[in-house]
Every structure is written in structure tokens, then in C-alpha cells.
Amino acid sequence: MPTPPVAPPRVLTVAGSDSGGGAGIQADLKAMLAAGVHGMSVITAITAQNSLGVQGAWDLPVEAVRAQFRSVVDDIGVQAVKTGMLSSAELVRTVAELLGGVDCPVVVDPVGVSKHGDPLLAEEAVSVLRDRLLPLATVVTPNLHEVEQLTGVRVEDERELRGAAEAVLALGPRWVLVKGGHLPGDAVDLLTDGETEHVYRAPRLPNRHTHGTGCTLASAIAARLARGLDVPEAVAGAKEYVTGAIRAGFPLGGGIGPVWHGWHGTP
């Protein structure tokens, strides 16, 4: 008898849909496939989006989000979860409630604005995300704008990354990865659990094809956690993957192009 195939690790993304395919659910599933895991999705919102910006966004009903989650988790199971765009307080509250019953790593990308500067998180949802979702996170991955949104801490220099990380860590996640990509110079990210500290540095690449980097990084971390890596190893591998995907990014439409998820398999 032939040996039946072994299922790869399963990772669930709970996030919004990007019709242009550069970010959101679409980027998450591409990053998961590239990492060798089976990606599944709970769609929280639909966006009309392209390389120029977000032209519209519509939340899905909470009942639809809850039904998608239960459908996947109760039958297929998950080894890690990544959350992305949760635009309303009601959605954040619902997802936090659902994740409270799941025993696996959770990577929270606290999506506040799109790459084009369009707001993706309602003001009243920030406190719910801060109080209900972040304490459930194995890793939270804010950029500098999101750090300020969550904590009021403004970072203008690489030396201030540690203070920003401590402020986010005080909200309850086990690890925080502060992404310093908006600072000048190298793209420097700081990971800490309050006891150990890891710095990940990559050269700043001379292109604008960066749509979906935050979604991709968080999903790549979740995929590696599902495969059994520890948090520092998962972040290191995800950072390397995202850097390569930015380097291989391509122009698409008239604005910011996407990263290329197939870069490591390109001849």
C-alpha cells in the first residue's frame, strides 16, 4: 500500500480582502504557500483596492466571520493564526472571543492604515484591539504609525525602538516586533519579549514595490511558527523572505507595486 500523503501545517489568516492581490488575504495565502504550509482564510472585510489606493471598504457581518472561523477550526484545525484588517470594534471583539478558545500561536498585525495612507481601523476599535486582542498575541507586529496609534509613543530614531517595544509589550503580548521600515537608512526591526532582544537589519532597497509587506511578514512568521520554529527563528526567516520579495517586486498599475512571493522559486 502506498503511504498516504502527510498534510502540511495549517495556518489561518483572519483579515480583509485586497481586490488588487497585493496585500490582505491574498498576500497572506501567497506567503503561506511559499513557506510550505496550508493557508486558510476568514475574510473580515472586502476592499476595492489597487496600486493607487483603497477606493472602498465594506465589513462582513460578524455572523459571517464567526461562521467562517468555526467552519475551518472545528473541522480542519490550525497550528497558527494570523490576524490582519479588523476594521471595527465589533469585529475585533468577535475575533478576540474566537481566538480565546484556540491553543496555538497567534500573530497580530494591528493594521491601522494601508500602504497608501488610507485608514483601515476605526478610532473606536483601537482601544478594543489594545485591551482584548493584544493580550492574546504570541507576536504583535506594529509599524511605527501603529505603535503611535496604540501607545502614543512616537519613534523618530532607531535608538527609540526599544522604548516603543516596551510600550507595546506592556499591553500584554508575549513578543513584540517593532518594524522600523519608516525610518531612514537600513530597514531595522526590533523583537523582544522583555528579557531578550533581537535586531533584524536589511538594506533599504531602491524600489517602490512594497505593497503587502506588513501582511506578508506577519503571515510568514505565523507559517514558520506553525512549522515549529521558535519566535526569533521565525522572525529571522520571515524577514529574509520579505526582503527577497521586495527586491523582486514589480510595477503593477500606476502606483505602488506588490512584492513578489515567488522570488525564491524564480529561475
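The values are calculated or read from the model by the stated rules, or taken from the named source; none is laboratory data. All of these numbers come straight from a predicted model, not from anything done at the bench. When we count neighbours, we look across all protein chains shown, and the Cβ atoms used for this are built from the backbone with ideal geometry, even at glycine. Remember, those area values only see protein heavy atoms, side chains included, never the ligands or the DNA or RNA. Shrake-Rupley method; radii C 1.70, N 1.55, O 1.52, S 1.80 Å.
Quick check on my filter: what residues within segment 73-98 are open to solvent by 10 Å² or more (accessible area, probe 1.4 Å), modelled with pLDDT under 95, in contact with a helix residue (DSSP H, G or I) (Cβ under 6 Å, 6 or more places away or on another chain) and of a type in the set (A, V, I, L, M, F, W, C)? Hit for segment 73-98 is 89, nothing else.
Within segment 112-145, being in a loop (DSSP other than H, G, I, E, B) and modelled with pLDDT under 85 holds for 112, 114, 115, 116, 117, 118, 120, 121, 122. Restricting segment 146-167 to residues that are crowded, with 22+ Cβ neighbours inside 10 Å and out of contact with any helix residue (DSSP H, G or I) (no Cβ under 6 Å at 6 or more places or on another chain), the residue that is farthest from residue 233 (Cα to Cα) is 146.
Does segment 146-204 hold any residues that are assigned to a helix (DSSP H, G or I), among the acidic types (Asp, Glu), more than 18 Å from residue 109 (Cα to Cα) and free of Cβ contacts under 8 Å to residues at least 24 places away in the same chain, and which are they?
Once the filter is applied, which keeps residues that are assigned to a helix (DSSP H, G or I), among the acidic types (Asp, Glu), more than 18 Å from residue 109 (Cα to Cα) and free of Cβ contacts under 8 Å to residues at least 24 places away in the same chain, segment 146-204 yields only 160.
Taking segment 1-59 as the range and being crowded, with 18+ Cβ neighbours inside 10 Å, under 18 Å from residue 259 (Cα atoms) and touching a His at 6+ places or on another chain (Cβ under 9 Å) as the test, the residues that pass are 18, 20, 22, 23, 27, 30, 31, 32, 34, 49, 51, 54. Taking the options 123, 63, name whichever one is within 29 Å of residue 210 (Cβ to Cβ), free of Cβ contacts under 8 Å to residues at least 12 places away in the same chain and either among the charged types (D, E, K, R) or buried (at least 17 other Cβ atoms within 10 Å of the Cβ) (or both). After ruling out the rest, the residue left standing is 123.
Could you please find all residues in segment 168-189 being of a type in the set (D, E, K, R) and either open to solvent by less than 20 Å² (accessible area, probe 1.4 Å) or on the phi > 0 side of the Ramachandran plot (or both)? Selection gives 189 alone. The set of residues in segment 1-16 that are touching a residue at least 12 places away in the same chain (Cβ under 8 Å) and either over 17 Å from residue 69 (Cβ atoms) or under 13 Å from the mean Cα position of the chain (by Cα) (or both) comprises 7, 8, 9, 11, 12, 13, 14, 15, 16.
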